[in-house]
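This report concerns only the one structure given below.
The values are calculated or read from the model by the stated rules, or taken from the named source; none is laboratory data. Given the structure is predicted, the values throughout are model-derived calculations rather than measurements. A quick note on method: Cβ atoms are made from the backbone with ideal geometry, for glycine too, and the neighbour counts reach across all protein chains shown. Accessible surface is based on the protein model in full, side chains and every heavy atom, while ligands, DNA and RNA are left aside. Shrake-Rupley method; radii C 1.70, N 1.55, O 1.52, S 1.80 Å.
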Amino acid sequence: MQKINTQAEWIDRARAVLPAAGFGNFDAGIVIARGEGSHVWDEDGNEYIDYLIGSGPMLLGHGHEEVMEAVLEQLPKGMTFFANNAQGIALAEEIVDAVPCCEQVRFVTSGGEADMYAIRLARAYTGKTKILKFEGGYHGMSAEAQMSLAPARAVNFPTAVPDSAGIPQSVADEMLIAPFNDLEAVASLLSEHDDIAAIIAEPLQRIIPAAPGFLQGLRDLCDKHGVLLIFDEIVTGFRLAYGGAQERYGVTPDICTLGKIIGGGFPLAALGASAEIMAHFDKAHVGAEKWLMQLGTLSGNPVAAAAGLKTMEILRRPGQYDRLRALGQSLMDMQSAALSEAGIAHQICGDPTLFDIFFTAHEVKDYRSAKHLDPQDNAIWNASLRDDGIFKSPGKLYPSLALTEADLQQTKQAFSSAAVALANSKPVNA
Ligand SMILES: Cc1ncc(COP(=O)(O)O)c(C=O)c1O
């Protein structure tokens, strides 16, 4: 590797070999050199408070001593085997203990993969094909998941619109799209279509909370119509509560998917359900016709499992979730205070463990209402935060358990400056 010093040089090199100069995930204008605790540093040495936390996995912060120890203990024993290993089996046991809907789990490598198999599993189990998905719901990159994820134009429900090139119309024909938080729309779709295998939902859709009774309503409708309920808990699992959104909200799905936190920062995800549903992964049990073939080179990777197990052990200690919620709530309050003081219309949306702002006075309840009045406001807010050393995604803020009081004070200052920048960007008489 040739010696290189500056971020700009790295960006130039990336432009030559990576489409859109990046990995596809995040602003290609920043190259992260390292992370420690609640902070990350870019290749120019600039330091940031990290509210991106790897898009969710690094709930304990970067380089947590005990997680590192667990990983370093596993590394010399082997990095991957393809075969069963003790770390993966112990992780499966821990997930089954923690997550209400899981009697068994199957490991995969990414959240999107888990969602893809959850959909296939629901089809295998019910013998039906259609999937009901909510507009704006994110379930990875499979053809089904790319339906009406972020449609640029509104079409009539339940028509599915692919958000990616390369997806055949036949996939869209098997999908039904409904507005999030609209139980009536779901009820009428389930009455009209008797070939629906599953409803897939994020229990907290991006940062939009389910209205009271919505998730239980989905559960009841699924039971009434013989449809499986899939909760995508890739983000909410082990974040909203140790047992995920299903524990927090008291609604148990048939199948759930997990990722991010359970791999402790390494590539690992899972899907879980009752033993009866999961039996479709077992050819000897269900027979060749009903068998869902599934394997993956890195599935149950022992290093990832060791990191996940230790992360979960730490999360089980008393007070961790209370502390996470308290940290998130103070950040939410700080945002709100700064914006109110500057006279900026806003909604702080989400859960204290994961949230962000919509710059609008309107209620946000689904994809179509989840809009900033002026998208520029969000861009100005995020740019000002970045200038003040706050690293976050444009539409989400993840608190971590590594945050310190000094981080909170610096963040409060940054929120105030961003609110002033936003106020100053408005015409005087607006
Ligand atoms: C709700 C949800 N589902 C699925 C995924 C896909 O997970 P992965 O990026 O690991 O494929 C994500 C990723 O952010 C997610 O937020």
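Brief remarks follow.
- Residue match in segment 384-393 (condition: touching a helix residue (DSSP H, G or I) at 6+ places or on another chain (Cβ under 7 Å), among the aromatic types (Phe, Trp, Tyr), modelled with pLDDT of 95 or more and crowded, with 18+ Cβ neighbours inside 10 Å): no
- Only one of Arg325, Arg317 that is surrounded by fewer than 21 Cβ atoms within 10 Å (Cβ to Cβ) and part of a loop (DSSP other than H, G, I, E, B): Arg317
- None of Ile208, Ile177 is within 21 Å of Ile234 (Cβ to Cβ), touching a residue at least 60 places away in the same chain (Cβ under 8 Å) and aliphatic (A, V, I, L, M) except Ile208.
- Any hit, segment 398-414, residues being closer than 30 Å to Ala152 by Cβ and touching a residue at least 40 places away in the same chain (Cβ under 8 Å): yes
- Scanning segment 133-183 for residues that are away from the ligand (no atom under 13 Å from the Cβ), in contact with a Lys or Arg (Cβ under 9 Å, 6 or more places away or on another chain), farther than 17 Å from Arg120 by Cα and not in a strand (DSSP E or B) turns up Glu135, Ser148, Ala154, Ala160, Val161, Pro179, Asn181, Asp182.
- In the set Pro151, Pro76, Pro100, only one residue is at pLDDT 95 or above and within 28 Å of Lys365 (Cβ to Cβ); that residue is Pro100.
- Applying the condition of being of a type in the set (Asp, Glu) and open to solvent by 40 Å² or more (accessible area, probe 1.4 Å) to segment 73-117 and asking which residue is farthest from Gly265 (Cα to Cα) yields Glu103.
- For segment 213-230, the criterion of being among the aliphatic types (A, V, I, L, M), within 16 Å of the ligand (Cβ to nearest atom), open to solvent by 10 Å² or more (accessible area, probe 1.4 Å) and within 27 Å of Ser299 (Cα to Cα) is met by none of the residues.
- Subset of segment 151-204 that is open to solvent by 50 Å² or more (accessible area, probe 1.4 Å) and of a type in the set (Asp, Glu) - its residue that is farthest from Lys224 (Cα to Cα): Asp163
- Any hit, segment 89-110, residues being among the acidic types (Asp, Glu) and over 20 Å from Met312 (Cα atoms): no
- Among the residues listed as Ala402, Ala304, the single one being more than 23 Å from Phe134 (Cα to Cα), modelled with pLDDT of 95 or more, outside any strand (DSSP E or B) and more than 19 Å from the chain's Cα centre (by Cα): Ala402
- Candidates Ile196, Ile255, Ile234, Ile208, filtered to the one that is within 11 Å of the ligand (Cβ to nearest atom) and of a type in the set (A, V, I, L, M, F, W, C): Ile234
- Among residues of segment 348-383 being among the hydroxyl-bearing types (Ser, Thr, Tyr) and open to solvent by less than 20 Å² (accessible area, probe 1.4 Å), the one that is nearest to Pro57 (Cα to Cα) is Thr353.
- Residue match in segment 57-65 (condition: in contact with a Lys or Arg (Cβ under 7 Å, 6 or more places away or on another chain), open to solvent by less than 20 Å² (accessible area, probe 1.4 Å), within 16 Å of the ligand (Cβ to nearest atom) and at pLDDT 95 or above): yes
- Positions within segment 118-136 being surrounded by fewer than 24 Cβ atoms within 10 Å (Cβ to Cβ) and under 17 Å from the mean Cα position of the chain (by Cα), in sequence order: Gly136
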